[in-house]
Amino acid sequence: MRIKKNKVLKDFIDMEQMELNYYSEDHVTPHEEAYQWHLSNPHTDMAVEDGGKIVAFSDIIPLKLSVYERILAGNFNDKYLTAEDMMKTETLKKGDVVNLLLSCIVVREEYRKTEALKLLLNHHLDYYRELIRNGVRIDWVLTSNVTEGGERFSERMGFERVGRTSHGSTLFHIRFSELDQRVMSMKSRLEELLLRNERNLLDREFCRDRCRIEQLLSDDFIEYGQSGTVCHKKDTVGALHDGKDRSIEISGFEVKSLGTHTAMVHYTAHELEACSEQNFDAASLRTSIWRFEEDEWRLLFHQATQWKNRGERCIEY
């Protein structure tokens with residue numbers, strides 16, 4: 001996945017069709033006008049592509065003050081925005097004040113457990129961060145939600161509910177500085193899911209249920225242990241199910257997408273053990289490869305490597 005650099009009219013036709021999968025025509029700007037937005041302000045729309053197909057996009061628009069106030073008052077449907085309603089960002093100078101409208105965020109269903117949303121939002125806000133570094137002040141970000149899913153997203157991102165509009169949407173707003181911090185620190189749904197899965201496989205209570213372990217491991221799972229042993233699914237399921245009680249923490253968790261249906265994670269596992277009369281922190285560096293199979297993420301490969309500078313032992317699955 002990557003940010004699509006150059007967009008043409010056909011891309012806006014495709015994005016309009018994506019949007020119509022989730023919203024009625026009453027709330028979707030026609031692609032002809034959205035394309036004019038782009039020509040007027042090329043950085044107000046961003047899109048993520050995968051294999052030449054747009055899989056996510058967003059519109060975050062700098063509005064003229066009078067238009068912003070009309071939308072905030074609840075009597076102007078942003079479907080009817082035109083390029084004339086927007087401030088041209090290339091004319092902004094130090095000391096200018098801008099308010100933004102988050103007009104829409106659309107992510108294809110099959111990409112909602114990937115890094116697409118995080119990539120999209122960070123890249124989009126990067127543009128406005130650069131304006132701020134050049135002395136432009138961005139105060140508020142306003143959004144108008146027409147679905148329950150949109151409202152949940154706004155609430156999750158810290159937006160404050162403002163009220164209902166005359167055309168049936170719900171207004172939320174947030175200070176740009178607060179949204180910026182939340183986006184920079186946000187974990188993608190994929191990152192949250194895989195972190196939870198890794199923690200479960202290190203949790204003794206979870207591993208008492210053999211079926212739950214088997215569900216998380218791919219049938220062709222393979223593990224390279226720190227001792228040089230190679231284990232397959234049956235061996236690892238048995239070892240986890242019969243393992244001892246342990247107190248393990250994960251730090252430095254990172255996810256890297258290897259494609260639409262595959263992801264690699266890196267982290268450090270720490271275990272506090274009692275050894276004779278002293279306690280020491282045993283640590284291992286971990287790498288896992290997860291693959292999306294039959295609507296679930298399953299572990300395909302795992303490797304544990306002893307971190308020799310942190311202790312004499314390490315934890316394997």
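The values are calculated or read from the model by the stated rules, or taken from the named source; none is laboratory data. Here the structure is a predicted model, which means the values were calculated and not measured. Backbone-built Cβ (ideal geometry, glycine too); neighbour counts: all protein chains shown.
Is it the case that some residue within region 185-193 is modelled with pLDDT under 90, in contact with a strand residue (DSSP E or B) (Cβ under 8 Å, 6 or more places away or on another chain), buried (at least 17 other Cβ atoms within 10 Å of the Cβ) and among the polar types (S, T, N, Q)? Yes. Residues in region 207-225 that are crowded, with 17+ Cβ neighbours inside 10 Å and more than 30 Å from the chain's Cα centre (by Cα): G225 alone. Being farther than 18 Å from V141 by Cβ and within 26 Å of the chain's Cα centre (by Cα) holds for only one residue in E49, E32, E90, and it is E49. If you filter region 101-133 down to residues that are basic (K, R) and part of a helix (DSSP H, G or I), you find that the one that is modelled with the lowest pLDDT is K118.
Just one of the listed residues (E32, E19, E25) is in the same structural domain as H173 (by TED's automatic domain parsing), in contact with a strand residue (DSSP E or B) (Cβ under 7 Å, 6 or more places away or on another chain) and over 29 Å from D96 (Cβ atoms), and it is E19.
Using the structure shown, decide if E155 is of a type in the set (D, E, K, R), in a helix (DSSP H, G or I) and in contact with a strand residue (DSSP E or B) (Cβ under 6 Å, 6 or more places away or on another chain).
Against the criterion (of a type in the set (D, E, K, R), in a helix (DSSP H, G or I) and in contact with a strand residue (DSSP E or B) (Cβ under 6 Å, 6 or more places away or on another chain)), E155 does not qualify.
Surrounded by 14 or more Cβ atoms within 10 Å (Cβ to Cβ) and either among the basic types (K, R) or under 30 Å from K53 (Cα atoms) (or both): is that true of H266 in this structure? So H266 does not fit the description; no. The residue that is modelled with the lowest pLDDT, counting only those in region 271-287 that are surrounded by 18 or more Cβ atoms within 10 Å (Cβ to Cβ) and in contact with a Ser or Thr (Cβ under 9 Å, 6 or more places away or on another chain), is E271.
For first residues located in region 81-106 and of a type in the set (S, T, Y), partners that are at pLDDT below 90 and assigned to a helix (DSSP H, G or I) and lie 6+ apart or on another chain with Cβ distances below 7 Å form the pairs S103/D78.
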